[in-house]
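Enquirer: One structure, as structure tokens, below. Some questions next.
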Amino acid sequence: MLGNLKPQAVDKILMLMGEFRADPRRDKIDLGVGVYRNAQGVTPIMRAVHAAEERLLQTETTKTYTALTGEPGFNAAMAELVLGQGYPADRLASVATPGGTGACRQAFELIRMASPDATIWVSDPTWPNHLSILRHLGMKVALYRYFDTETRGVDFAGMTEDLAAAQAGDVVLLHGCCHNPTGANLNLDQWERIADLLQRTGATPMIDIAYQGFGDGLEEDAAGVRLLAQRLPEMLIAASCSKNFGIYRERTGVLMALSDPAHREVTQGNLNYLNRQNYSFPPDHGARIVMTILNDPALRADWQAELEEVRLGMLALRQQLAEELRRLSGSDRFGFIAQHRGMFSRLGATPEQVEKMKKDHAIYMVGDSRINVAGLNESTVPVLARAMIEAGL
Ligand code: LMR
């Protein structure tokens, strides 16, 4: 039986992780997978996470099952973090999931159950695993223009032109902030216009928000999600705690569904059902860490302060890189790097240029020229800048 299996293509981001590990060069630079690293190249456990774990060790008395929804206190704390205080609890159904990927997967399955013929509109480009999961589930996908390869900003005219063809029963997948892989984001005015468009077409938005706090700040990064939640009758939100709490391997995320209050209970039942079918109870340890932090004013303040340091550190690296490139190229054409937000920027290099930077300088970025800014530090920024110019960017 197993002999019938066909080989699977390896995820490009994960393949790059392996290639980087195998490279013996000592000065190699990893700008691949979306994991935060500090100036020493370490992905630290955040102070508040440590403190919350210590507290759990002292106070947790059982490891018995929670609920199919996951710990309700975690779901409520995440609803407040993403949707803000005073979020519409009467419209909200939610389940904890194994990471943001788990939330996306459950969201896609929920869409398939509610609207079997739905087309899922995804940005071109998007996180490759969105496409991979959608294909695996056999769902219909349409791409909408998103990235302007000239300006390296959002092609908003192209985006709205394409999305005008979305219909009621379809889903438009948007990145809440810190677009992966481009780093180019909608401004608030554009979010308003997307809300108008969704109202007109009747399509349902799904927001993947995996980097809240990495762009312009915790509140600012959630502004688009909150605006759509206020203006539209229904939406799905897949939120991840992997990056902003730095708890990647704990697999901590949440799927939220906003609906008419009359549909809330059945929606919740369907979310519980999907959890039961796929893995039964969602992971709890990371969720409990997050809940402990968010519900304790001192831990929360410390977490926010550390997250802000992380965010400002990435911004400073962006500015340094843009400045270095301005100096080396004698032009402003790399100014977009300082405009982009979050962990990623798409540089606009060709696959050959990406390959050359890997071969000549041991600089690893995803093949579409996405860099993880947090893989840099003050002394590797000039190395990347020189390699980019040398590669002909
Ligand atoms: C990334 O885009 O690099 C991250 O979201 C990690 C992943 O799972 O791909």
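The values are calculated or read from the model by the stated rules, or taken from the named source; none is laboratory data. Because the structure is predicted, anything quoted here is derived from the model rather than measured. We place every Cβ from the backbone using ideal geometry, glycine too, and count neighbours over all the protein chains shown. With ligands, DNA and RNA removed, areas are computed over all heavy atoms of the protein, side chains included. Shrake-Rupley method; radii C 1.70, N 1.55, O 1.52, S 1.80 Å.
Enquirer: Could you count how many residues in the stretch 46-81 are in contact with a Phe, Trp or Tyr (Cβ under 9 Å, 6 or more places away or on another chain) and of a type in the set (D, E, K, R)?
Expert: Number satisfying all stated conditions: 2.
Enquirer: Keeping to the stretch 131-185, report how many residues are touching a residue at least 60 places away in the same chain (Cβ under 8 Å), farther than 18 Å from residue 343 by Cα and surrounded by 18 or more Cβ atoms within 10 Å (Cβ to Cβ).
Expert: In the first step, residues of the stretch 131-185 are kept if they are touching a residue at least 60 places away in the same chain (Cβ under 8 Å); the result is 132, 147, 149, 151-153, 171, 176-185.
Narrowing further to those that are farther than 18 Å from residue 343 by Cα: 132, 149, 151, 171.
Going one step further and asking which of them are surrounded by 18 or more Cβ atoms within 10 Å (Cβ to Cβ), we end up with 171.
Adding up the residues that qualify gives 1.
Enquirer: Right, something else. Hey, does the stretch 381-390 have a residue that's farther than 19 Å from residue 19 by Cβ, aliphatic (A, V, I, L, M) and in contact with a Phe, Trp or Tyr (Cβ under 9 Å, 6 or more places away or on another chain)?
Expert: Checked against the condition, which is being farther than 19 Å from residue 19 by Cβ, aliphatic (A, V, I, L, M) and in contact with a Phe, Trp or Tyr (Cβ under 9 Å, 6 or more places away or on another chain), the stretch 381-390 yields at least one hit.
Enquirer: Also, I was wondering about something else. Do you know which residues across the stretch 229-253 are crowded, with 22+ Cβ neighbours inside 10 Å and away from the ligand (no atom under 16 Å from the Cβ)?
Expert: Scanning the stretch 229-253 gives 229, 235, 236, 237.
Enquirer: Looking at the stretch 290-306, is at least one residue in contact with a Pro (Cβ under 9 Å, 6 or more places away or on another chain), under 26 Å from residue 33 (Cβ atoms) and open to solvent by 70 Å² or more (accessible area, probe 1.4 Å)?
Expert: Within the stretch 290-306, none of the residues are in contact with a Pro (Cβ under 9 Å, 6 or more places away or on another chain), under 26 Å from residue 33 (Cβ atoms) and open to solvent by 70 Å² or more (accessible area, probe 1.4 Å).
Enquirer: Does the stretch 45-58 contain at least one residue that is open to solvent by less than 80 Å² (accessible area, probe 1.4 Å), more than 16 Å from the ligand (Cβ to nearest atom) and more than 30 Å from residue 299 (Cβ to Cβ)?
Expert: Checked against the condition, which is being open to solvent by less than 80 Å² (accessible area, probe 1.4 Å), more than 16 Å from the ligand (Cβ to nearest atom) and more than 30 Å from residue 299 (Cβ to Cβ), the stretch 45-58 yields no hits at all.
Enquirer: Residues in the stretch 360-383 that are hydrophobic (A, V, I, L, M, F, W, C), within 22 Å of residue 315 (Cβ to Cβ) and out of contact with any helix residue (DSSP H, G or I) (no Cβ under 7 Å at 6 or more places or on another chain): how many?
Expert: Adding up the residues that qualify gives 1.
Enquirer: Further question on the same structure: Need a quick list: helices (runs of 4 or more DSSP H) entirely within the stretch 290-393 having at least 1 residues that are at pLDDT 95 or above and over 19 Å from residue 216 (Cα atoms).
Expert: Qualifying helices (runs of 4 or more DSSP H): 297-329, 351-361, 381-390.
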